[in-house]
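Written below as structure tokens is the structure these notes are about.
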Amino acid sequence: MSRFAQFQLIVIIALTFTSCRTNTQPVVKSQISNAHTIADKIAQQTFDNEKFPGMAVVVWQKGEIIFSESYGYADVESKVPIDMEKSLFRIGSISKPYTAAGLGRLYENGKINLDTPIQTYVPGFPKKEYDVSLRQLAGHLAGIRHYKGSEFMMNEHFPTVAEGLTIFSQDPLIHQPGSKYAYSSYGWNLISAAMESTSGEDFLLFMQNEVFDKIGMTHTHPDYVQRKMKGRVQFYQKGSNNDNQVAPQVDNSYKWAGGGFISSPYDVIKFAQAHLNHTMLKKETVSEWTKSQTIMDGKMTNYGIGWRSSEDQKGRKWYGHSGGSVGGTSMMLVYHEEQMIVVTLVNLGSAKMGNLAFRVANQFL
């Protein structure tokens with residue numbers, strides 16, 4: 001081949017490579033833009049159909065927020081917009097993974113054993129027919145009952161974690177520990193009492209120091225109902241005519257660990273991100289915490305230690321948690337392998353979000 005022919009070949013290859021790069025980049029941007037448009041339509045349709053007062057949807061992937069949209073208001077009457085960084089929603093049972101992170105800190109520091117009887121850490125809790133362990137409590141296998149009667153609407157203040165235990169401490173177990181899965185927020189009351197005794201700190205102070213401050217969650221707090229809290233959204237419930245009415249006042253001090261925290265959309269993202277990046281807990285601990293436990297017959301419960309886990313319709317593994325409270329409905333969804341997080345928060349109790357988080361996630365995966 002002549003030198004001129006060689007030169008021509010080099011030029012052709014260079015032009016081809018440049019052309020490929022030029023043509024490929026707009027396609028990627030177009031795909032992201034298209035995914036955002038579709039996700040926005042899905043979220044808007046859900047918001048409109050269900051007539052939510054306000055809703056926040058955030059998607060984080062591989063180090064950056066790629067979708068962040070709010071719908072409606074933090075306070076409808078005053079037309080207060082939702083601030084993704086500062087608006088404080090009731091996250092309900094997403095409080096359980098928050099507490100599980102604190103439990104993980106104690107576990108990694110060798111201060112707790114997940115499989116010893118709970119009386120090792122909470123000696124004042126009455127012994128039952130069977131021993132109950134922290135692992136069983138954290139996985140809803142312990143046989144501790146859930147709410148009954150009007151307890152979910154309780155508006156009584158409990159100054160200490162120990163006083164919150166009195167609600168259920170004298171009740172018998174509803175089944176032999178390990179034999180069945182039965183969801184129980186009260187089991188997390190016991191976990192928080194154990195965390196107090198092993199850490200030597202008040203539970204809420206421990207959570208602030210060891211979880212929220214460590215992650216940089218500056219807009220996450222206990223939902224102190226008697227205090228004015230800047231950024232706290234107005235809480236709503238559906239009325240008899242399917243209209244949104246201001247929710248009655250409740251005091252969640254009886255269940256801080258299992259459902260008593262308020263948090264902003266971006267703070268929930270920060271929390272999940274810290275688990276993906278292992279800046280909160282070690283990789284091995286996150287794996288243990290998000291791995292499904294099993295009941296006695298070997299059947300998986302799809303619940304680990306404060307985290308749900310399963311696969312979506314396309315077989316992609318996820319872990320996360322939903323939350324339901326008076327005036328709040330929430331979802332935190334984490335795709336570990338895909339490094340994606342989706343958070344949806346609504347300031348309405350029993351909001352029918354369906355599989356919104358999964359549908360939004362699917363646009364970007």
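The values are calculated or read from the model by the stated rules, or taken from the named source; none is laboratory data. Everything numeric in this text was worked out from a predicted model, so none of it was measured. Here the Cβ positions follow ideal geometry from the backbone for every residue, glycine too, while neighbour counts run over all protein chains shown. Ligands, DNA and RNA are excluded from the accessible area calculation, which covers all protein heavy atoms including side chains. Shrake-Rupley method; radii C 1.70, N 1.55, O 1.52, S 1.80 Å.
The residue list Thr294, Thr344 contains one member that is hydroxyl-bearing (Ser, Thr, Tyr), without any contact (Cβ under 8 Å) to a residue 12 or more places away in the chain and touching a strand residue (DSSP E or B) at 6+ places or on another chain (Cβ under 6 Å), which is Thr294.
Scanning segment 49-62 for residues that are surrounded by fewer than 17 Cβ atoms within 10 Å (Cβ to Cβ) and in contact (Cβ under 8 Å) with a residue 40 or more places away in the chain yields Lys51, Lys62.
Return a yes/no flag: does segment 165-173 have any residue that is open to solvent by less than 10 Å² (accessible area, probe 1.4 Å) and over 16 Å from Thr198 (Cβ atoms). Give the steps one after another, and end with the answer.
Kept after step one, since they are open to solvent by less than 10 Å² (accessible area, probe 1.4 Å), are these residues of segment 165-173: 168.
After this cut, where a residue has to be over 16 Å from Thr198 (Cβ atoms) as well, the list is 168.
The answer is yes, given that some residue of segment 165-173 is open to solvent by less than 10 Å² (accessible area, probe 1.4 Å) and over 16 Å from Thr198 (Cβ atoms).
Residue-wise test of (1) surrounded by 22 or more Cβ atoms within 10 Å (Cβ to Cβ); (2) under 26 Å from Pro248 (Cβ atoms); (3) of a type in the set (Lys, Arg).
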{"residue": "Gln176", "(1), (2), (3)": "no, no, no"}
{"residue": "Ser179", "(1), (2), (3)": "no, no, no"}
{"residue": "Tyr183", "(1), (2), (3)": "no, yes, no"}
{"residue": "Asn189", "(1), (2), (3)": "yes, yes, no"}
{"residue": "Leu205", "(1), (2), (3)": "no, no, no"}
{"residue": "Val211", "(1), (2), (3)": "yes, no, no"}
{"residue": "Ile215", "(1), (2), (3)": "no, no, no"}
{"residue": "Thr220", "(1), (2), (3)": "yes, yes, no"}
{"residue": "Arg227", "(1), (2), (3)": "no, yes, yes"}
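The residues of segment 249-262 that are touching a helix residue (DSSP H, G or I) at 6+ places or on another chain (Cβ under 7 Å) and not in a helix (DSSP H, G or I), listed by number, are Val250, Gly260, Phe261. Could you list, in sequence order, the residues of segment 240-262 that are at pLDDT 95 or above and small (Gly, Ala, Ser)? Matches in segment 240-262: Ala247, Ser253, Ala257, Gly258, Gly259, Gly260. Between Lys214, Lys128, the distinction of being closer than 20 Å to Gly260 by Cβ and among the basic types (Lys, Arg) belongs to Lys214 only.
Please indicate, with yes or no, whether at least one residue in segment 152-159 is buried (at least 21 other Cβ atoms within 10 Å of the Cβ), in contact with a helix residue (DSSP H, G or I) (Cβ under 9 Å, 6 or more places away or on another chain) and either of a type outside the set (Ser, Thr, Tyr) or within 20 Å of Ile94 (Cβ to Cβ) (or both). No, there is no match, as no residue in segment 152-159 is buried (at least 21 other Cβ atoms within 10 Å of the Cβ), in contact with a helix residue (DSSP H, G or I) (Cβ under 9 Å, 6 or more places away or on another chain) and either of a type outside the set (Ser, Thr, Tyr) or within 20 Å of Ile94 (Cβ to Cβ) (or both). May I ask you to list pairs of residues, at least six apart or on different chains, whose Cβ atoms are under 6 Å apart, with the first in segment 234-246 being in contact (Cβ under 8 Å) with a residue 12 or more places away in the chain and outside any strand (DSSP E or B) and the second being surrounded by 10 or more Cβ atoms within 10 Å (Cβ to Cβ) and of a type in the set (Asp, Glu)? Final answer for the pair search is Gln234/Asp75.
Counting just the residues of segment 190-217 that are part of a helix (DSSP H, G or I) and touching a Lys or Arg at 6+ places or on another chain (Cβ under 6 Å), which one comes out farthest from His146 (Cα to Cα)?
Initial filter on segment 190-217 (part of a helix (DSSP H, G or I)): 190-199, 203-215.
Those still in the list that are touching a Lys or Arg at 6+ places or on another chain (Cβ under 6 Å) too: 198, 210, 215.
Working: Thr198: 25, Glu210: 27, Ile215: 30 Å.
Per the criteria, the residue is Ile215.
On the stretch given as segment 102-111, residues that are out of contact with any Lys or Arg (no Cβ under 9 Å at 6 or more places or on another chain), surrounded by fewer than 24 Cβ atoms within 10 Å (Cβ to Cβ) and in contact (Cβ under 8 Å) with a residue 12 or more places away in the chain total 2. Taking the stated definitions as given, is Ala247 farther than 15 Å from Gly216 by Cβ and touching a strand residue (DSSP E or B) at 6+ places or on another chain (Cβ under 6 Å)? The answer is yes for Ala247.
Within segment 43-74, the set of residues being over 21 Å from the mean Cα position of the chain (by Cα) and in a helix (DSSP H, G or I) comprises Gln44, Gln45, Asp48, Asn49, Glu50.
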